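Student: Handing you this structure, nothing more for now.
The values are calculated or read from the model by the stated rules, or taken from the named source; none is laboratory data. Keep in mind that this is a model prediction, so the values were computed, not measured. So basically every Cβ, Gly included, is an ideal-geometry build from the backbone, and we count neighbours across all protein chains shown.
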Amino acid sequence: MQRGSSGPVKRSQGQDAQGRWEITAREAAVRQLIKIEEEGLFAGHPTDSSNLMVLRLALYELEYESLALHALDEHVGLARKVTPASAKYAPGFVNAVLREAGRRVQAGTLPSPKDELDSMIASAKASERNLARGLSLIHSHPTWLASRWLKRFGREEAEALMEQNNKPPVYTVRVNPLRGITVEGLLARFAEEGVDARASSTLPHDFVEVYSGLQTVLAKGFVARGECLVQDVSAGLVVAAALDPQPGERVLDACAAPGGKTMFCASKMQGKGHLTALDTSASRLQALGRQAEAAGVPKSMISMRAVDLRVFAKEVAGTLNEQQVGMRHRKI
């Protein structure tokens, strides 16, 4: 629900993903509140956890949702409900802080950690420790991680990594050529269903990025029919870039379930060759088998065993030894 609406508001999948990943923005709002406190906006008034929670919520909505100033009355009313009866000053205190914060938001003078970091750098006082702390506040990363990346990559690349980490994820699906599906063909059918998608920037011939409408993809049976598979493109890189299996090859997947990378191998091998899929879980292997059937992988192409790789390796070694002994006997 959204405030001021007359009923439930439907959100697209892209909006939902954005909402889940706005935790970094909320963290930044908390940091701003701390900075305001340091600058004396609280003027030494004691605050309990309930007051702070109301203030943090209001500051986030002011800064990131463009909350109208008159709507701050709701937060003052919330403070009356959640603070102890003994804290008679709370509503007035919350109201005063939020009105001042609102004026600063409108004037563009609400303090932020970035202001402090820029000032520190400009004054040539940016020690590695302070720089790591400043970047951790701005980008909502642990200070120890910021420090490690600064030492390893330098400021520019470390900050770029943090910014990338804070971006909302993009859902991806992999097309299945074993069912005659291409990226272009799948995109055309997605468009007919109102799904916002485009070819992956990383693996454009194998993956499609879905920006909204993933539930439609599932509901319309694209995955159930084996035409595509929901799979992260990073998993696809393991197969396409690192392994690069070719038709006719033999591939061992020692940790196969639930089967995403195994199915991609079968696709890359064009259904020709052999896949040995191992996993310690028999039930997960059964799911892999169902997925292989839906994807159109020939039954003769894949064999599955619920076994630990260490046990399997000993079995293979024993078989090879027996074969070598047999060959020696035949030579004699």
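Student: Quick test for you: out of 273, 259, 296, pick the one residue that is among the small types (Gly, Ala, Ser) and in contact (Cβ under 8 Å) with a residue 60 or more places away in the chain.
Tutor: Answer to the selection: 296.
Student: Regarding residue 207, is this residue outside the structural domain of residue 185 (by TED's automatic domain parsing) and under 30 Å from residue 191 (Cβ atoms)?
Tutor: Values: outside the structural domain of residue 185 (by TED's automatic domain parsing): no; under 30 Å from residue 191 (Cβ atoms): yes.
So residue 207 does not fit the description; no.
Student: Next question, about the same structure. Pick from segment 188-227 the residues that are charged (D, E, K, R) and in contact with a strand residue (DSSP E or B) (Cβ under 9 Å, 6 or more places away or on another chain): which of them is nearest to residue 270 (Cα to Cα)? Explain how you work it out, then say what you get.
Tutor: The first filter runs over segment 188-227 and keeps only residues charged (D, E, K, R), leaving 189, 192-193, 196, 198, 206, 209, 220, 225, 227.
Remaining after also requiring in contact with a strand residue (DSSP E or B) (Cβ under 9 Å, 6 or more places away or on another chain): 196, 198, 206, 209, 227.
Details: 196: 28, 198: 24, 206: 13, 209: 23, 227: 15 Å.
The qualifying residue nearest to residue 270 (Cα to Cα) is 206.
Student: To continue, here is another question. Scan segment 217-233 residue by residue and report those that are of a type in the set (Gly, Ala, Ser) and under 20 Å from residue 277 (Cα atoms).
Tutor: Kept after step one, since they are of a type in the set (Gly, Ala, Ser), are these residues of segment 217-233: 219, 221, 224, 226.
Result: 226, single match.
Student: Now a separate question. Please tell me if residue 20 is touching a helix residue (DSSP H, G or I) at 6+ places or on another chain (Cβ under 6 Å), modelled with pLDDT under 80 and under 27 Å from residue 163 (Cβ atoms).
Tutor: On the way: touching a helix residue (DSSP H, G or I) at 6+ places or on another chain (Cβ under 6 Å): no; modelled with pLDDT under 80: yes; under 27 Å from residue 163 (Cβ atoms): yes.
In short, no.
Student: Looking at residue 289, is it at positive phi and modelled with pLDDT of 90 or more?
Tutor: Against the criterion (at positive phi and modelled with pLDDT of 90 or more), residue 289 does not qualify.
Student: Output the strands (runs of 3 or more DSSP E) that fall wholly within segment 158-236 and possess 3 or more residues being touching a residue at least 12 places away in the same chain (Cβ under 8 Å), out of contact with any Cys (no Cβ under 9 Å at 6 or more places or on another chain) and surrounded by 14 or more Cβ atoms within 10 Å (Cβ to Cβ), or say none.
Tutor: Values: elements: 171-175, 196-199, 207-212, 228-230.
The qualifying strands (runs of 3 or more DSSP E) are 196-199, 207-212, 228-230.
Student: Can you find a residue in segment 147-154 that is among the polar types (S, T, N, Q), surrounded by 14 or more Cβ atoms within 10 Å (Cβ to Cβ) and assigned to a loop (DSSP other than H, G, I, E, B)?
Tutor: Going through segment 147-154, the residues among the polar types (S, T, N, Q) turn out to be 147.
Checking the rest, the ones that are also surrounded by 14 or more Cβ atoms within 10 Å (Cβ to Cβ) come to 147.
Adding the requirement that they be assigned to a loop (DSSP other than H, G, I, E, B) leaves none.
Checked segment 147-154: no residue is among the polar types (S, T, N, Q), surrounded by 14 or more Cβ atoms within 10 Å (Cβ to Cβ) and assigned to a loop (DSSP other than H, G, I, E, B).
Residue-by-condition table, conditions (1) surrounded by 10 or more Cβ atoms within 10 Å (Cβ to Cβ); (2) farther than 24 Å from residue 238 by Cβ; (3) in contact with an Asp or Glu (Cβ under 9 Å, 6 or more places away or on another chain); (4) modelled with pLDDT of 90 or more:
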| position | (1), (2), (3), (4) |
| --- | --- |
| 264 | yes, no, yes, yes |
| 270 | yes, no, no, yes |
| 303 | yes, no, no, yes |
| 321 | yes, yes, no, no |
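Student: Give the residue that is surrounded by the most Cβ atoms within 10 Å (Cβ to Cβ), with candidates limited to residues of segment 73-99 that are among the small types (Gly, Ala, Ser) and at pLDDT 80 or above.
Tutor: 79
Student: Residues in segment 280-301 that are over 25 Å from the mean Cα position of the chain (by Cα) and farther than 21 Å from residue 237 by Cα: how many?
Tutor: If we filter segment 280-301 for residues that are over 25 Å from the mean Cα position of the chain (by Cα), which is where we start, we get 280-283, 285-286, 289-290, 292-301.
The next check asks that each one be farther than 21 Å from residue 237 by Cα; those that pass are 280-283, 285-286, 289-290, 293-294, 296, 298-301.
Within segment 280-301, residues that are over 25 Å from the mean Cα position of the chain (by Cα) and farther than 21 Å from residue 237 by Cα number 15.
Student: Given the condition under 23 Å from residue 247 (Cα atoms) and among the hydrophobic types (A, V, I, L, M, F, W, C), answer yes or no: does some residue in segment 202-212 qualify?
Tutor: Applying the first criterion (under 23 Å from residue 247 (Cα atoms)) to segment 202-212 yields 202-207.
Of the ones still in play, those that are also among the hydrophobic types (A, V, I, L, M, F, W, C) are 203, 207.
For segment 202-212, residues under 23 Å from residue 247 (Cα atoms) and among the hydrophobic types (A, V, I, L, M, F, W, C): present.
Student: Can you run down the residue pairs with Cβ atoms below 7 Å, 6 or more apart or on separate chains, where the first is in segment 50-70 and under 14 Å from residue 106 (Cβ atoms) and the partner is at pLDDT 80 or above and in a helix (DSSP H, G or I)?
Tutor: From residues that are under 14 Å from residue 106 (Cβ atoms), the pairs are 59/101; 62/101; 62/102; 62/105; 63/105; 67/61; 69/102.
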